[in-house]
Structures are given as C-alpha cells and as structure tokens.
1. From the residues in the range 93-148 that are assigned to a loop (DSSP other than H, G, I, E, B) and closer than 21 Å to Lys50 by Cβ, which one is nearest to the chain's Cα centre (by Cα)?
2. Is there a residue in the range 24-34 that is surrounded by fewer than 18 Cβ atoms within 10 Å (Cβ to Cβ) and either closer than 30 Å to Lys143 by Cα or of a type outside the set (Asp, Glu) (or both)?
3. Starting from residues that are among the basic types (Lys, Arg) and within 20 Å of Glu111 (Cβ to Cβ), keep the ones in the range 60-99 and report whichever is surrounded by the fewest Cβ atoms within 10 Å (Cβ to Cβ).
4. I'd like to know if the range 36-45 contains one or more residues that are assigned to a loop (DSSP other than H, G, I, E, B), in contact (Cβ under 8 Å) with a residue 40 or more places away in the chain and crowded, with 21+ Cβ neighbours inside 10 Å.
5. Can you name the residue in the range 162-182 that is surrounded by fewer than 19 Cβ atoms within 10 Å (Cβ to Cβ) and of a type in the set (Gly, Ala, Ser) and, of all such residues, is modelled with the lowest pLDDT?
6. Can you confirm whether the range 152-161 contains a residue that is closer than 17 Å to Tyr58 by Cβ and surrounded by fewer than 16 Cβ atoms within 10 Å (Cβ to Cβ)?
7. Can you name the residue in the range 46-59 that is among the small types (Gly, Ala, Ser) and outside any strand (DSSP E or B) and, of all such residues, is surrounded by the fewest Cβ atoms within 10 Å (Cβ to Cβ)?
8. Restricting attention to the range 46-83, and to residues there that are among the basic types (Lys, Arg) and without any contact (Cβ under 8 Å) to a residue 24 or more places away in the chain, which single residue is farthest from Asp162 (Cα to Cα)?
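The values are calculated or read from the model by the stated rules, or taken from the named source; none is laboratory data. Because the structure is predicted, anything quoted here is derived from the model rather than measured. Cβ coordinates were reconstructed from backbone atoms using ideal geometry, including for glycine residues, and neighbour counts include every protein chain displayed.
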Amino acid sequence: MIGKLLGKLIFAVSGWKISGEIPKEVEKCVAIGAPHTSNWDFIFTVSALKIYGYPAKYLIKDVFFKNPLYSWIFYWTGGIPVDRSKSNNLTGELKKMIEGNKPVYILFSPEGTRKKVTKWKSGFYHVAIDCKLPIALGFLDYKKKEAGFMKMFQPTGNKDADLVSIVECYRDVTACNPEKFSFDVLGKD
C-alpha cells in the first residue's frame, strides 16, 4: 500500500503516467525493461510496478545490497542480488522461483547497463524459453512521460529473429539518453 501511494506521488509530481498492462490471466512471465540509459529508469520503473501492484522481482548487482543504510530499498522493491564476478546457477534459481505456486514477474534489463551496448544480454530469453513463459515488453518513454507494458511477446525459439522483433517494438520509444540506446541487439559474437 505504501509503495503504491509513493509510486503515485512520484508520477504525479513528475507528470508521468502508466500505459498498458500485463493481462490479468498472466500470473507468471518474464518482463523486460527498455531502454535503460539512466539512473532515473530505476525510480520510474519501480514506481510503475508499485502502482500496478505486480509481484515483480528484478536482478541487480549485489554491490547495492552491501550497505545497510539503503540495501533495504532494493529488497523492498523486489531486488535479487547478483554477483557478476563469479559463475552461479542464476537461471536455475529463477526457474525454481517461477515454478513455485505464487504469481511472479521476473524483470530483466536486456541491455544490462546504462551505457550503450552493441548486444543485448539474452538471459531473459533463455529463462522465458526454459520456463515456457511469455515476455512482457516493458518500456519507459521520456518524451511521452509514460511507463508501462506495450505487449506480450511469445518467444518462438529462434533467438536472433525474436530479439530483432522485440527491439523493433521499441522503435518509437524515447530513452532518457537516446544516444545510449542501440537497435543492434545481436552484436558480433
């Protein structure tokens, strides 16, 4: 309740609104948030998720959980700490969470950073395929001051074609820092 009120306050003060939604019958899904080019993305994303009341969890560097003065914020907002310095069974752990009885939406930032990238991280895609889940395409549009979900995407198993189709959905979305968002999601292996 407090989260929803705080989210509404942040949106009211900043002039933002939510747009679209995840269909009510979808109790479990992988969600992506793009473009991700600013620290403000976190504030608007968490605010939108609190307004919606979605049972969302998201992955974030474990360094944010090391300081007790503010680590509670990341736990409260659904953060899952990830240690990127070592190999872990993150996909397996996420799969266990998804296979549980509770509704859950796992939110990924496919860019993995606020910097410009030439290849999206594909962990979200593999989790969606492995768990047979749809992908909710979340967005932040700074020009329209809208945050939300534009559509559900059912992955086909053809990763490259699906990633190209997904990124095309963001063609008309304006990032906070547009020069940092790339439509080249496949990069060079």
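1. Ser109
2. Within the range 24-34 (the criterion being surrounded by fewer than 18 Cβ atoms within 10 Å (Cβ to Cβ) and either closer than 30 Å to Lys143 by Cα or of a type outside the set (Asp, Glu) (or both)), the answer is yes, since at least one residue qualifies.
3. Here the answer is Arg84.
4. Looking through the range 36-45, at least one residue is assigned to a loop (DSSP other than H, G, I, E, B), in contact (Cβ under 8 Å) with a residue 40 or more places away in the chain and crowded, with 21+ Cβ neighbours inside 10 Å.
5. Applying the filter and picking the extreme gives Ser182.
6. So far as the range 152-161 goes, no, none of its residues is closer than 17 Å to Tyr58 by Cβ and surrounded by fewer than 16 Cβ atoms within 10 Å (Cβ to Cβ).
7. My answer is Gly53.
8. Per the criteria, the residue is Lys66.
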